[in-house]
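Everything on this sheet refers to the single structure shown next.
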Amino acid sequence: MQSFSRWTAKNESTLYEELESCASGLTTDQAKKRLLTYGLNQITFEQFSIFQIFIRQIKSPFIYLLIVASLIAFCMSNAQEGILILLFVMINTLLGFFQEYQAGKTIQLLKKYLVHHVTVIRNNKEEKVNVEFIVPGDIIIIKAGDMLPADIRFLQITNLAIDESTLTGESMPVKKDCTVLTQKIETVFDATNMGFSGTTIINGKGIGIVCQTGQRTVVGTIAHLAFNESKQGYFIQEIDKFSRFIIKIIFITIISIFILNIALKGIHVISIGQLFIFTLALLITITPEALPLVITFSLARGARRLAKNKVIVKRLSAIEDLGSIDVLCSDKTGTLTENRLEVEEIYADDTNKALVYGILALGSDQKHTNSFNKALWDKLTNDQKKEFEQFKLINEIPFDPSRLRTTTIVSRNDQQLLLVMGAFEYIIEHCNPNQAINFYQKISADNGNKGKRIIALAVKKLDSEPELSEDTLKNEKDLELIGLFSFIDPIKKDAAKAIHQAKKLGIKIFILTGDTPEVAGYVAHQIGLIPTADKVMSGSSWQNLNENEQQKSLKEFNVFARVNPEQKLQIIQKLQKEHYVGYLGEGINDAPALKIANVALVVQGASDIAREAADIILLKKSLLLVVNGIYEGRIVFTNTIKYIKTSMSSIFGNFYSVAISSLFVDYLPMLPVQILLTNLLSDFPLIAISTDSVDYKDLKRPKFYNPKEFIQISLILSGISSIFDFIIFGIFYKDAQKLRTVWFIESVLSAVVLIYSVRTNKLFFKAVAPSIYLASLSLITALITLLLPYTNLGQRYFDFIPLSPYVLTANIIIVVCYFLVTELIKDIYYRFYTR
């Protein structure tokens, strides 16, 4: 928050020298010179071009490997395989591109937060100036309804109140003054004589001098924090690591097999050209070319399902990252509460009288001055409005921050009433001491401890109509206390339910807000987040802790109040040392925290800068959408892991079986074209894995990429696959054509049944039923595999032979045995691994 600290650091003499030189406003020439010095009053940040979005889709080691594999296929005169691989790459790239491009078009940028024109004093007269051309030193005139175009120091004000909720999280309008601040300003909350770009004038009017514009404003500073933080999804990072690992294994193994074949058989026994083509076919086989496509299909499907619930996904991989969240941080205002005031309770003997008198006490601006007045007006019934209309306004003194009250005289049937409404502390001092003052003092204290706002109303009957002057002020004594109004920012109806369900999914909830500790504690206690309303730490208290104490406090406290954007950023960074963090917010002050969070979510009505920093936007203001998004993310994550486990177990099993067996016979165990066909058919049903059903119990905890578990189970299952491959090899190795045909059928069918083993950690018959799409593609694949050797196509182009019923039956029995052994070993492994 450098904007106001730089300005208030100047002494008052410097300020008045600036004002004296600009008494008539800047001249046109002065404004032009300053525009050259300070630049346009706008906030800019990096935007990705269409080309950059496209390039981002292909920045993956797997994509590079697939492109190489397709070129190899073309070199082997296998155009079908080459075209198929390139098709996978193209579909994957286009799906990701269109999803991110459309999401980007949906998001409006920060320009909405800069109004188009503002009234300034230049050349000794008032002028309308485009906000982009405002410069430091300009004198601007503001009124209710205006949005401030820059950071300004107030020079003159009249009943000025500003809504700073998008900047600070404070739901109440902030009263401003133009007094000299003698103490050092640490936070926005302390800058009572300043207004900040992007905030809105709720009440009153004023004149101020511009002290910072564009990137130098508080909003600009926040934007700099937000858009200079970059991130890549956790899952994508881990997939990239896995890709590099696979590539290393592939090339080491391929080179070893090539060299060993030559060393053991000699160059006279085997054709170098044929061996080279065989080796290249193995290279393509071990490449899981459908992985990028499966991931993108899963993400796109998740995005479509979320879109039906009015959720925009900006960063496609964020859906998968949602599944890994174990800490969810949220702002309070606008996310847990409605960001509006309403009258919760009227403490009065006659509530009807209190409410009507309360509206009358507002004077001539019953509906529009601020959120307190609007809340009172919204509470009126039709009968009360009719009673209100019977009164006539005689005179008034509007609310003044220095008086902390309004004073109004009204009349009905020749009876005059003096109505005084404002801060309880002042009103109570001027009331008749015979009333139950202690009772009302207790009510005020109790409500204050709960973070509620209290306004008191008192009345006095007048014998005559006095002027509203010193005489009126003298009449503000011996008042009759009519009652108290309690105001709250209502908690959203589904907030408690959403928080509860998030906890059921294993997520720890944190509230990071700019509001007061009392308000934050009350809200957190009401939704069941903390046991008592005082279990809250302020941002300043957290800042004063050392690093170890800060880390420890995050285990003890869930609610942090009066935190500024930098502190939110620091808290999330501390949490990220041990957790995967999602952040839900909506204000300008949330942007840096949103940008650094692993998954950034904003709600409808969020500031544009917050939406720009977000990964996911909730168009419907419901926290249940967050829970649904996390649930959807875990489904996508789970199904993607299913593909990786199945594909790697099957591919590595077949790869090592064929590669090793090639060392023991003087022919190729499988022809290159047969290897490619096996690879194609094995991947075919896996395209539908993104649609598979997932057991709810598997989604009740955060999903993390666990390389140890993943590699272990893949190696174990691939080892089982290789054992059964060697059984096939041992039985049929004397007949090359029969071996190749049997091995082809066994390899593809084994890959299909493996899907139904790997899709659950439990025994297959205890798992939820598979999706219709996965089951259908599996059945089609099995039928093609069994029938192809008996067709002219299979015999002519793939060198298969028809198998006798005995051999085919034996083959199927071996596949069934493989599946049963896989289930047994898997069950033993997960029982041990879980312990």
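The table for this structure:
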read-out: Every pair of residues 6+ apart whose Cβ atoms lie under 7 Å, when the first sits in the range 775-803 and is among the acidic types (Asp, Glu) while the second is open to solvent by 50 Å² or more (accessible area, probe 1.4 Å) and part of a helix (DSSP H, G or I); value: Asp799/Gln737
read-out: Residue tally, condition more than 26 Å from Gly633 (Cβ to Cβ), outside any helix (DSSP H, G or I) and of a type outside the set (A, V, I, L, M), over the range 505-556; value: 10
read-out: Among the residues listed as Thr791, Thr822, Thr809, the single one being closer than 28 Å to Lys762 by Cα and either among the polar types (S, T, N, Q) or touching a strand residue (DSSP E or B) at 6+ places or on another chain (Cβ under 8 Å) (or both); value: Thr822
read-out: Which listed residue is at pLDDT 75 or above, among the small types (Gly, Ala, Ser) and either over 20 Å from Ala496 (Cα atoms) or open to solvent by 40 Å² or more (accessible area, probe 1.4 Å) (or both), from Ala318, Ala300; value: Ala318
read-out: Lone unmet requirement of (1) open to solvent by 40 Å² or more (accessible area, probe 1.4 Å); (2) within 27 Å of Arg405 (Cα to Cα); (3) at pLDDT 85 or above for Met147; value: (3)
read-out: Test: residue in the range 737-748 that is surrounded by fewer than 20 Cβ atoms within 10 Å (Cβ to Cβ), touching a residue at least 12 places away in the same chain (Cβ under 8 Å) and within 21 Å of Val665 (Cβ to Cβ); value: yes
read-out: Residue within the range 379-400 that is buried (at least 22 other Cβ atoms within 10 Å of the Cβ) and either modelled with pLDDT of 80 or more or touching a strand residue (DSSP E or B) at 6+ places or on another chain (Cβ under 7 Å) (or both) present; value: yes
read-out: Qualifying residues in the range 798-835 (those that are outside any helix (DSSP H, G or I) and not aliphatic (A, V, I, L, M)) - the one surrounded by the most Cβ atoms within 10 Å (Cβ to Cβ); value: Phe800
read-out: Flag if Ala502 is part of a helix (DSSP H, G or I) and modelled with pLDDT under 85; value: yes
read-out: Residue match in the range 42-53 (condition: among the acidic types (Asp, Glu), loosely packed, with under 15 Cβ neighbours inside 10 Å and modelled with pLDDT of 70 or more); value: no
read-out: Breaking point among (1) of a type outside the set (Gly, Ala, Ser); (2) at pLDDT 90 or above; (3) surrounded by 13 or more Cβ atoms within 10 Å (Cβ to Cβ), for Leu787; value: (3)
read-out: Members of the range 189-205 that are open to solvent by 10 Å² or more (accessible area, probe 1.4 Å) and either modelled with pLDDT of 80 or more or not acidic (Asp, Glu) (or both); value: Phe189, Thr192, Thr200, Ile202, Asn203, Gly204, Lys205
read-out: Of all residues in the range 760-774 being of a type outside the set (Lys, Arg) and either on the phi > 0 side of the Ramachandran plot or part of a helix (DSSP H, G or I) (or both), the one that is surrounded by the most Cβ atoms within 10 Å (Cβ to Cβ); value: Leu774
read-out: Condition met for Glu709 (open to solvent by less than 30 Å² (accessible area, probe 1.4 Å), touching a helix residue (DSSP H, G or I) at 6+ places or on another chain (Cβ under 7 Å) and at pLDDT below 85); value: yes
read-out: Test: residue in the range 98-111 that is at pLDDT 65 or above and open to solvent by 40 Å² or more (accessible area, probe 1.4 Å); value: no
read-out: Selected residue (criterion: least open to solvent (accessible area, probe 1.4 Å)) from residues of the range 557-566 that are outside any loop (DSSP other than H, G, I, E, B) and either farther than 25 Å from Gly528 by Cβ or without any contact (Cβ under 8 Å) to a residue 40 or more places away in the chain (or both); value: Pro565
read-out: Boolean, Ile687 is without any contact (Cβ under 8 Å) to a residue 24 or more places away in the chain, over 25 Å from the mean Cα position of the chain (by Cα) and either in a helix (DSSP H, G or I) or over 20 Å from Ala782 (Cα atoms) (or both); value: no
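Yes or no, residue by residue, for (1) touching a Lys or Arg at 6+ places or on another chain (Cβ under 9 Å); (2) farther than 30 Å from Pro433 by Cα; (3) modelled with pLDDT of 90 or more:
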| position | (1), (2), (3) |
| --- | --- |
| Gly483 | yes, no, no |
| Lys492 | yes, yes, no |
| Tyr522 | yes, yes, no |
| Leu545 | yes, yes, yes |
| Gln567 | no, yes, no |
| Ile571 | no, yes, yes |
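Here's the yes/no breakdown for (1) touching a Gly at 6+ places or on another chain (Cβ under 9 Å); (2) without any contact (Cβ under 8 Å) to a residue 60 or more places away in the chain:
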site	(1), (2)
Ile482	yes, no
Ser486	no, no
Lys493	no, yes
Ile499	yes, no
Gly506	no, no
Val519	yes, no
Gly528	no, yes
Pro531	no, yes
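The values are calculated or read from the model by the stated rules, or taken from the named source; none is laboratory data. Quantities reported herein were computed from a predicted structural model and do not represent experimental measurements. Don't worry about glycine lacking a Cβ; one is built from the backbone with ideal geometry, like all the others, and counts go over all protein chains shown. Remember, those area values only see protein heavy atoms, side chains included, never the ligands or the DNA or RNA. Shrake-Rupley method; radii C 1.70, N 1.55, O 1.52, S 1.80 Å.
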